[in-house]
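Everything on this sheet refers to the single structure shown next.
What follows draws every value from the coordinates through simple rules; no lab data is involved. Bear in mind that the values here come from a model prediction, so they are computed numbers and not experimental data. Using ideal geometry, Cβ is built from the backbone for each residue, glycine included, and neighbour counts are taken over all protein chains shown.
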Amino acid sequence: MGKSTGFLEYLRIDNPSCEPLERIRSYKEFHTPLSEEKRREQAARCMDCGVPYCQNGKMLGGMISGCPLNNLIPEWNDLLFRGSKTAALKRLLMTNNFPEFTSRVCPALCEKACICGVHDEPVSTRDNENAIIEYGFENGLMQPQIPAARSGKKVAVIGSGPSGLAAADTLNKRGHSVTVFERSDRPGGLLMYGIPNMKLEKSVILRRIDLMKAEGVEFRTECNVGENVSAGEILSDFDAVVLACGSANPRDIKAEGRDADGIYFAVDFLKATTKSLLDSELADGKYISAKDKNVVIIGGGDTGNDCVGTSVRHGCKSVVQLEMMPKLPDERAESNPFPEYPRVCKTDYGQEEAIAVFGHDPRIYCTTVKEFIKDANGSLSAVKTVRLEFVPDPKSGRKVPKEIEGSEEILPCELCLIAAGFLGCQSYVAESFGVELDQRTNVKTEAGRHSTNVEKVFTAGDMHIGQSLVVRAIREGRDAAAEVDEFLTGYTNL
Ligand SMILES: Cc1cc2nc3c(=O)[nH]c(=O)nc-3n(C[C@H](O)[C@H](O)[C@H](O)COP(=O)(O)OP(=O)(O)OC[C@H]3O[C@@H](n4cnc5c(N)ncnc54)[C@H](O)[C@@H]3O)c2cc1C
């Protein structure tokens, strides 16, 4: 432990963030790093608590507590405090293929399980991680690691999201020859075409892809496996296959008027903005614009928040985010003790920005859309909302939503974005390989395994576990890679 009294001497300081009204003028990331001295003080706050729940990554109370990658957090916080950044980087890369992604987008499960956070603010572990990995890139320490020998085995990874990239990176470093097939024009999955640029600048992804290419990974974009590339071709050309195609089936809202023009799924809206931004700085106009529109977002989660932040940047007239569930408490409830993931209300960057622009929180709770109202041209002009109460179901006893009679309201709306979650993978890829799906339309495997019912076909990420987090996708990719390695060589030391 670096400084035994660090947590008593130093208060937590987050990386400074640009004011909401300023940052909405661009799509750039808006946090700046702390000075070297302040960063070391932040690392010194790590308590060497003896039982570091932060690196545990186990399910507790139905949610993951601590880092799913089992990052060796107290160790690299200590090295960072001592100024041994190169050693900290080595320790970090032992467990995490892509700290530059997690240190930008992870909800920091580690910080929620930090002992220092029980009575005070937790250690700023995510910002510390970011300082370590960016030091590595800035100082030429992230050089291509080309394997000394090749195994002669070929692996196809289908899908280039964080799980596919983690599997590809791990297998390539082990000496197997890896080709990543991606149906989009750019690799990265939801890192590229889901999470907005202001949260994760796309140059950060391309920097990693360039490194992986230099290390020997081949990327083939615009290859839609099961459509323009057949599963048969892949199975005959490769010794193993990892299916990492994500969980891309959006949950729809079935209400009258759903066919109105002006209703989109959140990811289509977010993807179009990012693609146009990357292709032409939005000059091509090939995106779904929220400019001067009243925007209603259905879904109070993180994807909905990304839609709020993007709509505000487009210059929307108003923005509302509807959430079916009641508002979460501001503090942990007694039934949700440490170190469980805290089920508390957080105000994310998009909501902060909407508050700054419009003067109020965009979220409305216990409310859903009952009807989409069209104008004479069939375009969306308003939504009819209804408030919900939660009452016990007579059969199961579980609380279920019930409409409150007479609570309907009309909200003006020319653009509605559905961010209501995802219902498993798109089945055509699995079908083309003959791979079985489970009841939730995820690829079926034995518990804790990644091999499917088809010989030499494995799976990882959201396609396997359902829509989750980048950090879990990376874990999935690493674990699938270990299984593939064992399958190919008879043993694994991954
Ligand atoms: C809008 C949004 C914001 C999010 N924000 C966060 C966040 O801030 N932090 C966080 O931790 N998590 C976030 N998540 C969740 C996180 O992005 C996902 O859990 C993670 O990306 C899953 O990784 P994956 O590799 O399994 O799949 P994906 O990232 O979905 O990648 C799958 C890839 O497979 C490709 N593909 C699919 N079918 C084929 C095919 N037939 N042939 C070739 N390629 C194919 C797809 O084009 C895609 O590129 C967010 C999710 C969304 C939707």
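Annotations
- The residues THR459, THR368, THR303, when put in order of fewest to most other Cβ atoms within 10 Å, stand as THR368, THR303, THR459.
- The chain: relative contact order as a whole-number percent, Cα under 8 Å and 6+ apart: 16 percent
- Whether the range 301-440 is rounded, prolate or oblate, judged on the alpha carbon gyration tensor where a/c under 1.5 counts as rounded: rounded
- If you count Lys pairs in the range 6-138 whose Cα atoms are under 28 Å apart, skipping same-chain pairs closer than 8 places in sequence, the total is 10.
- Loop chymotrypsin sites (Phe, Trp or Tyr not before Pro), the range 131-190, which have at most 10 other Cβ atoms in a 10 Å radius of their Cβ (DSSP): none
- Charge tally for LYS58 (other residues, Cβ to Cβ under 14 Å; Lys, Arg +1; Asp, Glu -1): +2.
- Over 29 Å between alpha carbons, listed pairs LYS3/LYS202; LYS213/LYS275; LYS213/LYS444; LYS327/LYS370: LYS3/LYS202; LYS213/LYS444
- Note on the chain: helix-only mean residue ellipticity at 222 nm, from DSSP H runs of 4+ residues weighted -39500 (n - 2.57) and normalised by residue number, equals -9500 deg cm²/dmol.
- Nearest-0.05 FRET efficiency for ASN336 and SER379, computed from C-beta distance (R0 56 Å): 0.80
- Relative contact order (%) - the range 263-418, alpha-carbon pairs under 8 angstrom, separation at least six: 25 percent
- Cα gyration tensor category, rounded, prolate or oblate, for the range 6-138 with a/c compared to 1.5: rounded
- Highest-first arrangement of 378-384, 44-50, 154-160, 329-335, where packing means the average Cβ count within 10 Å: 154-160, 44-50, 378-384, 329-335
- Relative packing of 276-283, 143-150, which averages over residues the other C-beta atoms within 10 Å, highest first: 276-283, 143-150
- In the range 213-312, trypsin sites (Lys or Arg not before Pro) in a DSSP loop with at most 13 other beta-carbon atoms within 10 Å: LYS254, LYS286, LYS291
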